[in-house]
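Engineer: Quick one: this structure, given as structure tokens, is what I'll be asking you about.
The values are calculated or read from the model by the stated rules, or taken from the named source; none is laboratory data. Predicted model, so just to flag it, every value in this text is computed and none were measured. Positions of Cβ are backbone-derived with ideal geometry, glycine not excepted, and every protein chain shown enters the neighbour counts.
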Amino acid sequence: MHRFFVPQLFGDEMTITGVDAKHISKVLRMTIGDELQIVSDDGISALGKISFIDAECVKVRDFEIIAESHEPRVKITLAQGLAKGEKMEFIIQKAVELGATSVVPVAMEHSVVRLDGPKADKKVERWQKIAESAAKQSKRDIIPEVQSVMSVKEMLAANDCATKIIAYECEDQTSLKSALKNAIEQDKINDLLLIIGPEGGISESELELARSAGAVPVSLGRRILRAETAGLVAMSAIFYETGDLGEY
Ligand code: SAM
């Protein structure tokens, strides 16, 4: 079942325009009476029937609200050290599929990639489109936000989550499991900042900055994971631990 995000508050008739309307009419070749899912700006997911369609505009009516949420209870903001080339696109796509609420691209000391000004804005625009298409494909109820490229300091200030975890490749005392256990015991698990370094790793000064903002350095095991692997492993483990991958 195809799902489309409609930038309007939920109502009896929802109107899809732009590239989505063209896709529905010309690529999917849907017609009047066909069913599709919409998600409104106020977060309502519903199954409706096409009542009007042309290449510019598709109107949908006769809705059945989709009650169960597709969103995880734990809100994870993934702060990802800028990684080279297509890796950021891969990381953002997989993070959205897994259930991230937001992604912050972080310009870190050991990031090979240097992005600033218009170049950074252009990249964020492309990454946001990747997030939207991954949200449609994975039937999310929201389109996760890709925040602007930030320094570690800016990222920490802008994402003051209840629990902050920094996956640190040199950490050998605290496991992700124990950090999550503490957060659950303190009832601080539902709003989590997960910081992952770039290919070059996390510098001592970045680690100290994160610590001073209350982040807990954790190990993801004795093997060194690639930048594009680490965040996905950590998110999968977190969602497994909290039952957001299903509890049955
Ligand atoms: N340059 C680093 C090195 O050779 O040790 C590796 C950095 S790793 C490619 C990229 C990021 O993934 C790290 O900064 C960290 O955030 C995370 N990461 C990878 N393996 C990890 C592990 N075993 N424990 C904790 N974090 C890990």
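Engineer: Within the range 185-204, is there a residue that is within 16 Å of the ligand (Cβ to nearest atom), part of a loop (DSSP other than H, G, I, E, B) and among the hydroxyl-bearing types (S, T, Y)?
Structural biologist: yes
Engineer: Here's something else I'd like to know. When you go through (1) modelled with pLDDT of 95 or more; (2) of a type in the set (D, E, K, R); (3) closer than 20 Å to I196 by Cα one by one for R114, which number turns out not to apply?
Structural biologist: Failed condition: (1).
Engineer: Let me ask something else about it. Which one is farthest from the ligand (Cβ to nearest atom), of the residues in the range 205-228 that are surrounded by 17 or more Cβ atoms within 10 Å (Cβ to Cβ) and in a helix (DSSP H, G or I)?
Structural biologist: Top of the filtered list is L209.
Engineer: Hey, another quick one. Tell me yes or no: at least one residue of the range 13-25 is acidic (D, E) and over 28 Å from R226 (Cβ atoms).
Structural biologist: yes
Engineer: Test each condition in (1) of a type in the set (G, A, S); (2) within 22 Å of the chain's Cα centre (by Cα); (3) surrounded by fewer than 20 Cβ atoms within 10 Å (Cβ to Cβ); (4) within 10 Å of the ligand (Cβ to nearest atom) for S151 and report the one that comes out false.
Structural biologist: Result: S151 fails condition (4) only.
Engineer: Let me ask another. Please verify whether the range 197-206 includes one or more residues that are on the phi < 0 side of the Ramachandran plot, free of Cβ contacts under 8 Å to residues at least 60 places away in the same chain and hydrophobic (A, V, I, L, M, F, W, C).
Structural biologist: The answer is no, given that none of the residues of the range 197-206 is on the phi < 0 side of the Ramachandran plot, free of Cβ contacts under 8 Å to residues at least 60 places away in the same chain and hydrophobic (A, V, I, L, M, F, W, C).
Engineer: Also: Which residues, counting only those in the range 13-33, are surrounded by 16 or more Cβ atoms within 10 Å (Cβ to Cβ), out of contact with any helix residue (DSSP H, G or I) (no Cβ under 7 Å at 6 or more places or on another chain) and not in a helix (DSSP H, G or I)?
Structural biologist: Selection gives M14 alone.
Engineer: Would the range 68-83 turn up any residue that is farther than 29 Å from L180 by Cα, of a type in the set (V, I, T) and in contact with a strand residue (DSSP E or B) (Cβ under 6 Å, 6 or more places away or on another chain)?
Structural biologist: No, that holds for no residue.
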